[in-house]
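The structure under discussion appears below in the form of structure tokens.
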Amino acid sequence: MLVVAIEKERTFEKVAIVSFLTILFILSALLMLVSCLALLLTKNIMHACTFLLAALLGVAGLYLTLHADTLAVTQVLVYVGGVVILMLFAVVLTGGQDQESITKEKFPHLAPLFGSKSTFLKAFLVSMIFFVAAASLLRLGEKEIVHVVAVNYAPTIQSLGQLLMTDYLFAFELVSVLLLGALIGAALIARPMKK
Amino acid sequence: MVSLSSFLFLSFVLFLTGLMLVLGRKSIIFVLIGLELILNAAALNFVAYSRFVTEKLDGHLFALFIIVIAAAEAAVALALAIRFYQLKETTHLDELSELKH
């Protein structure tokens, strides 16, 4: 009796975790898709940096649904704390003027794809509807494949560190040299100009 | 619901957005944003395959290296953008036609 109760509780726990992962997946995928669309539509560089931030946060959420906890944290630290801030600095230092899209001038027949927001939205909606319809049709024909993996919720950072110090030691050292070179190069390139 | 193909679709959308930004914009900073998205799509593919196919951690390490390289690339490219602005007072890519001022 007790065993059955414990089993029931365990399956409930598993279902709860799975549905939580599904919700997390849907939320991060929506965040990523919406900010990708906004990135394509905006012409303001400042707004584009914000949408880039949202898209990268969405990718971090996707890493979490893939059980890549270390990568999700690294993504947030490096991109949100580093790259996007650098981009904002560059935007502010270069004036941040709005830029026209290239397609209006050089490829007028492609302009509706990029130019008018309403046509773009309509095309996007139609393609999404087609994608969903095709996916569900494919799904009907597909056999039910249940992916049974011994799901491991253990943190990955320890095994990642061990791999980094054994199999990938050379790449690790190479990347550190690359980072040093990039640091020196960036400081050298962006130094104030001599008159 | 959450399968390999859904992640592949998401990374495809990410890659396509990056490609459209790289090809369609004239501002150097928009092009850099597009490059970041393309690199992220590659990293997402690595992690998705390592979760659903190989079930080892090697894909995570590749994604880690991609993130580091993207950071280095962003630092150098933004320094170049600032230098370019110092020389030409604009970030328009059509003005970027000579190596030396």
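The values are calculated or read from the model by the stated rules, or taken from the named source; none is laboratory data. Computed from a predicted structure; not experimentally measured. Because the Cβ atoms are built from the backbone with ideal geometry, glycine has one as well, and the counts that use them run over all protein chains shown.
Considering the range A:17-50, and only residues there that are closer than 16 Å to residue A:62 by Cβ and more than 10 Å from chain B (Cβ to nearest Cβ), the residue that is farthest from the chain's Cα centre (by Cα) turns out to be A:20. Scanning the range A:22-68 for residues that are farther than 19 Å from residue B:32 by Cα and of a type in the set (S, T, N, Q) returns A:22, A:28, A:65. Residue under question is residue B:95, and the condition is that it be among the charged types (D, E, K, R) and within 7 Å of chain A (Cβ to nearest Cβ); does it hold? Considered against the rule, which asks whether it is among the charged types (D, E, K, R) and within 7 Å of chain A (Cβ to nearest Cβ), residue B:95 comes out as no.
Considering only residues that are under 23 Å from residue A:76 (Cα atoms) and either in contact with an Asp or Glu (Cβ under 6 Å, 6 or more places away or on another chain) or acidic (Asp, Glu) (or both), which ones fall in the range B:1-58? Across the range B:1-58, the qualifying residues are B:36, B:58. Hey, among the residues in the range A:122-143 that are assigned to a helix (DSSP H, G or I) and not hydrophobic (A, V, I, L, M, F, W, C), which one's modelled with the lowest pLDDT? Here the residue is A:141.
When the test is whether a residue is in contact with a Phe, Trp or Tyr (Cβ under 9 Å, 6 or more places away or on another chain) and either surrounded by 17 or more Cβ atoms within 10 Å (Cβ to Cβ) or modelled with pLDDT under 90 (or both), residue A:35 passes it.
The set of residues in the range A:51-84 being among the small types (Gly, Ala, Ser), more than 7 Å from chain B (Cβ to nearest Cβ) and more than 25 Å from residue B:6 (Cα to Cα) consists of A:81 alone. Picking from residues in the range B:55-101 that are in contact (Cβ under 8 Å) with a residue 60 or more places away in the chain and of a type outside the set (S, T, N, Q), the one that is farthest from residue A:188 (Cα to Cα) is B:94.
Within the range B:45-68, the set of residues being at the interface with another protein chain (Cβ under 7 Å from one of its Cβ atoms) and closer than 29 Å to residue A:45 by Cα comprises B:63, B:64, B:65, B:67, B:68. Picking from residues in the range B:4-38 that are among the charged types (D, E, K, R) and more than 10 Å from the chain's Cα centre (by Cα), the one that is surrounded by the most Cβ atoms within 10 Å (Cβ to Cβ) is B:25. For residue A:105, the test of being at pLDDT 90 or above, exposed (fewer than 12 other Cβ atoms within 10 Å of the Cβ), farther than 27 Å from residue B:8 by Cα and among the acidic types (Asp, Glu) is failed. When the test is whether a residue is modelled with pLDDT under 95, touching a Cys at 6+ places or on another chain (Cβ under 7 Å) and part of a helix (DSSP H, G or I), residue A:18 does not pass it. Scanning the range B:71-84 for residues that are more than 7 Å from chain A (Cβ to nearest Cβ) and aliphatic (A, V, I, L, M) gives a single hit, B:77.
Among the residues of the range B:48-101, those identified as out of contact with any helix residue (DSSP H, G or I) (no Cβ under 8 Å at 6 or more places or on another chain) and acidic (Asp, Glu) are B:55, B:89, B:94, B:98. Considering B:93, B:35, B:61, the condition of being farther than 19 Å from residue A:57 by Cβ and at pLDDT 90 or above is satisfied by B:61 alone.
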